[in-house]
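Okay, structure first, notes after.
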Amino acid sequence: MELTQIRLLVTDFPAVYRFYRDVLGLKPQFEAESGPYAKLSPDTGDAAVALQDRAQLTGVLPGLGVEPEGYRALVVLRVDDLDAAHAELASRGAEFTRDPGPLGDRMRVAYLKDPEGNLIELQEWLTPREQGGSASA
């Protein structure tokens, strides 16, 4: 088995796409502002966020027509300088639900939401990740 991606099911595809591209600065694999699918990646690493228009899948999975309640996903993005990333994203219009602060003794985090309420965590590692371990458990 191979994990290929984590995909967020969204209702307002253009707004969420622009948020991940323009506010967070992720690079689209191809331009697809009107959807129904897109994959966006940071400048470094192999990770990506995929977006899927929720309405497109309702014919296959009828239960998706109902809006989810509460948080359904947490997108985690590692940054080298949390304060700088916080300031840059705020200048692009991001509204944070929690400003930078500690999360345990290994990292600092800040939280914001995309236009559909998916939670995004920016994390700065204060200590290097150990072999075989993960700071983003």
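The values are calculated or read from the model by the stated rules, or taken from the named source; none is laboratory data. Remember, predicted model here, so these are calculated numbers, not experimental data. Here the Cβ positions follow ideal geometry from the backbone for every residue, glycine too, while neighbour counts run over all protein chains shown.
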Complete set of residues in segment 1-46 that are outside any loop (DSSP other than H, G, I, E, B), among the hydroxyl-bearing types (Ser, Thr, Tyr) and over 14 Å from the mean Cα position of the chain (by Cα): TYR37
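Residues are listed down the side, and each one gets a yes or a no for (1) at pLDDT 90 or above; (2) within 18 Å of PHE13 (Cα to Cα):
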| residue | (1), (2) |
| --- | --- |
| ARG54 | no, yes |
| LEU64 | no, yes |
| ASP81 | yes, no |
| ALA85 | yes, no |
| ASP99 | yes, no |
| GLY104 | no, no |
| LYS113 | yes, yes |
| ASN118 | no, yes |
Number of the condition not met by THR58 [criteria: (1) touching a Leu at 6+ places or on another chain (Cβ under 7 Å); (2) modelled with pLDDT of 85 or more; (3) hydroxyl-bearing (Ser, Thr, Tyr)]: (2)
